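Right, one structure below, let's go through it.
The values are calculated or read from the model by the stated rules, or taken from the named source; none is laboratory data. Treat the numbers as computed from the prediction; the structure is a model and nothing was measured. For neighbour counting, all protein chains shown are included, and Cβ atoms are generated from backbone atoms with ideal geometry for every residue, glycine included. Accessible surface areas use protein heavy atoms only, side chains included; no ligands, DNA or RNA. Shrake-Rupley method; radii C 1.70, N 1.55, O 1.52, S 1.80 Å.
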Amino acid sequence: MKSNRRITLNRRDVVSNILRDRGDALIVTGLGSTTWDAAAAGDHPNNFYLWGGMGGAAMTALGLARAQPKRRIIVLTGDGEMLMGLGSLATIGAAAPLNLAICVIDNQRYGETGMQETHTGHGVDLAAMAAGAGFAETQTVWSKQGIEGAIPHLYETDGPVFVDVKVNTDRVPMVLPLRDGTAIRGRFREAVLGARAFD
Amino acid sequence: MVTKNKKPVSKWSAQVFKTLKDADIAQVSYVPDAGHADLISTCLADDHLKTTRLTTEEEGVALALGAWLGGERSVLLMQSSGVGNCINMLSVIQETRSPLLMLVTMRGEWGEFNPWQIPMGQGTAKALEDAGVIVYHVDEAGDLTETVYAASQIAFNAYRPAAVLIGQRVVGFKDWRKK
Ligand SMILES: Cc1ncc(C[n+]2csc(CCOP(=O)(O)OP(=O)(O)O)c2C)c(N)n1
Ligand SMILES: [Mg+2]
């Protein structure tokens, strides 16, 4: 069923808010808009930017979360990207990583490809799916207060945590981070592993 | 039906398990195949390995990337049909030039009874090669451990995706005349 609830949050405000006090958290971004959002909030070696592999952001983060159990891992991805990897909600729910949080920047559109509507504007509730998969904490956020309340969950609550943030479709400038995959992984691994990155 | 319980672990599975340990594998992810049943249960019983059950094989490709970004080596276990589920995610491994070790038990290639296994089984090696994966095919049980070890070295030391296809001759096929 199509939803008509008005959405006011701006994606860039939301992402820069989330990343403002990021501490030593490691961030994995889904292809397209959330990669640009993270870049716009400020490039950082602890960001792993995906430019492809649609549907793979959450699972990349799970591998990382298991390898780095003392670090907090946060996924920032789009609703379309998350929908392509719905099975990974089950996989992550069953794996139950304490240090993993997923934040979907949900504009109810495939923004990158021309703003076609996704399932999330037609009754599909990603947070409910994550809850059904056994995530420890799940919520859908529609307001500024909501996002303030959700941020501590992303960073601190025992996971897996899932937050779906409804954002509007206002146009935002393109901000592009590193593009070369080998450079992105080399820089990220060095930030996480130090000299061992080049073993 | 083949009985699954309380059989001794097949010799090749035990050897491959030891090889994976020698190669410093810390994480194992899988979608089950009957051919991998012994190896999976051995991995699940090991206290030091972190195992992940997947809903689809492409999840394991992304998981392997994440594990390596975090400093851990992993292996992905699947049946040949599962290779078809991985193709686009393999582009991420290629573009980031990251290691990936896959052990693929073959169907649809030797004495196969189920015709539905033929299309993907016959296309497995080609599909992997087209996706940039280095492919080793093992038809002699005696070659398996050495090949798995060599594949792990090229994967993790040369930062490349490598797959070992474990032939249906090694895994053993079900002879449907002997019900
Ligand atoms: C496997 C695959 N299918 C389709 C595409 C095309 N594609 C690129 S981005 C995108 C939409 C992503 O939507 P979403 O994750 O919601 O991000 P948004 O731009 O809306 O924030 C699509 C369909 C692709 N890159 N890969
Ligand atoms: Mg979207």
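The condition of being closer than 21 Å to B:Ala67 by Cβ and open to solvent by less than 40 Å² (accessible area, probe 1.4 Å) holds for only one of B:Gly123, B:Gly108, B:Gly167, B:Gly132, that being B:Gly132.
Scanning the range B:62-73 for residues that are at the interface with chain A (Cβ under 7 Å from one of its Cβ atoms) and crowded, with 24+ Cβ neighbours inside 10 Å yields B:Ala62, B:Leu63, B:Ala64, B:Leu65, B:Gly66, B:Ala67, B:Leu69, B:Gly70. Comparison of A:Thr8, A:Thr35 shows that the only residue that is within 13 Å of ligand 1 (Cβ to nearest atom) and either open to solvent by less than 10 Å² (accessible area, probe 1.4 Å) or in contact (Cβ under 8 Å) with a residue 60 or more places away in the chain (or both) is A:Thr35. Restricting the search to the range B:9-23, which residues are exposed (fewer than 15 other Cβ atoms within 10 Å of the Cβ) and either among the acidic types (Asp, Glu) or in contact with a strand residue (DSSP E or B) (Cβ under 7 Å, 6 or more places away or on another chain) (or both)? Correct list: B:Asp22 only. Of all residues in the range A:56-74, those satisfying the criterion of being more than 7 Å from every other protein chain (Cβ to nearest Cβ) and open to solvent by 10 Å² or more (accessible area, probe 1.4 Å) are A:Pro69, A:Lys70, A:Arg71, A:Arg72.
Within the range A:140-160, being closer than 14 Å to A:Asn10 by Cα and buried (at least 20 other Cβ atoms within 10 Å of the Cβ) holds for A:Val141, A:Ile147.
Might you check whether a residue that is farther than 29 Å from B:Val75 by Cβ, of a type in the set (A, V, I, L, M), away from chain B (no Cβ under 11 Å) and touching a residue at least 12 places away in the same chain (Cβ under 8 Å) occurs anywhere in the range A:82-104? Checking the range A:82-104: at least one residue is farther than 29 Å from B:Val75 by Cβ, of a type in the set (A, V, I, L, M), away from chain B (no Cβ under 11 Å) and touching a residue at least 12 places away in the same chain (Cβ under 8 Å).
I'd like to check something: does the range A:21-29 contain any residue that is within 14 Å of another protein chain (Cβ to nearest Cβ), surrounded by fewer than 21 Cβ atoms within 10 Å (Cβ to Cβ), away from ligand 2 (no atom under 16 Å from the Cβ) and among the aliphatic types (A, V, I, L, M)? Within the range A:21-29, one or more residues are within 14 Å of another protein chain (Cβ to nearest Cβ), surrounded by fewer than 21 Cβ atoms within 10 Å (Cβ to Cβ), away from ligand 2 (no atom under 16 Å from the Cβ) and among the aliphatic types (A, V, I, L, M).
Counting only strands (runs of 3 or more DSSP E) wholly contained in the range A:57-175, the ones carrying 3 or more residues that are within 11 Å of ligand 1 (Cβ to nearest atom) occupy A:73-78, A:100-106.
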